[in-house]
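K.L.:
The structure under discussion is supplied below as structure tokens; questions concerning it will follow.
The values are calculated or read from the model by the stated rules, or taken from the named source; none is laboratory data. The shown structure was predicted, so the numbers you read here are calculated from the model rather than taken from an experiment. Because the Cβ atoms are built from the backbone with ideal geometry, glycine has one as well, and the counts that use them run over all protein chains shown.
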Amino acid sequence: MAAVHPRARMDAGTALEVFDLVERADAAPLNLSTGQRQRLALAATLLRPSSVLLLDEPERGLDLAFRLRLAELLTTYRDEGGTVVMATHDSGLAAHGRLISPAGMAA
């Protein structure tokens, strides 16, 4: 299975901008807030070449504004041919995808 993006989707500087981490670029991860660490983890995930993203509550620790941005980033990934499998309690984020129940039935 080939990756949707065989190379990094963006360079590190662009990722810092997209994920609102420019001001914390030199900070050690342990010195970041919970939301900043979550954005860093998501940035690293989206930078890597892939065809499938498996995400478990990616909205954890994110403010509403960044949750909306995350929905846009994941929609773009999907529109470019990627598959996103995600467990979430955020109905707004879930609304951007096709819902599947634990029994495997489309919700």
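K.L.:
Return the pairs, sorted by first residue and then second, in which the second residue is among the hydrophobic types (A, V, I, L, M, F, W, C), the first residue lies in region 68-82 and is farther than 21 Å from residue 7 by Cβ, the beta carbons are less than 8 Å apart, and the residues are 6+ apart or on different chains.
P.N.:
69/18; 70/42; 70/62; 70/93; 71/93
K.L.:
Any residue at all in region 14-33 that is under 21 Å from residue 83 (Cβ atoms) and basic (Lys, Arg)?
P.N.:
no
K.L.:
Oh, and also: Output the residue which, of all residues in region 69-106 that are more than 23 Å from residue 15 (Cα to Cα) and in contact with a Ser or Thr (Cβ under 9 Å, 6 or more places away or on another chain), is modelled with the lowest pLDDT.
P.N.:
My answer is 97.
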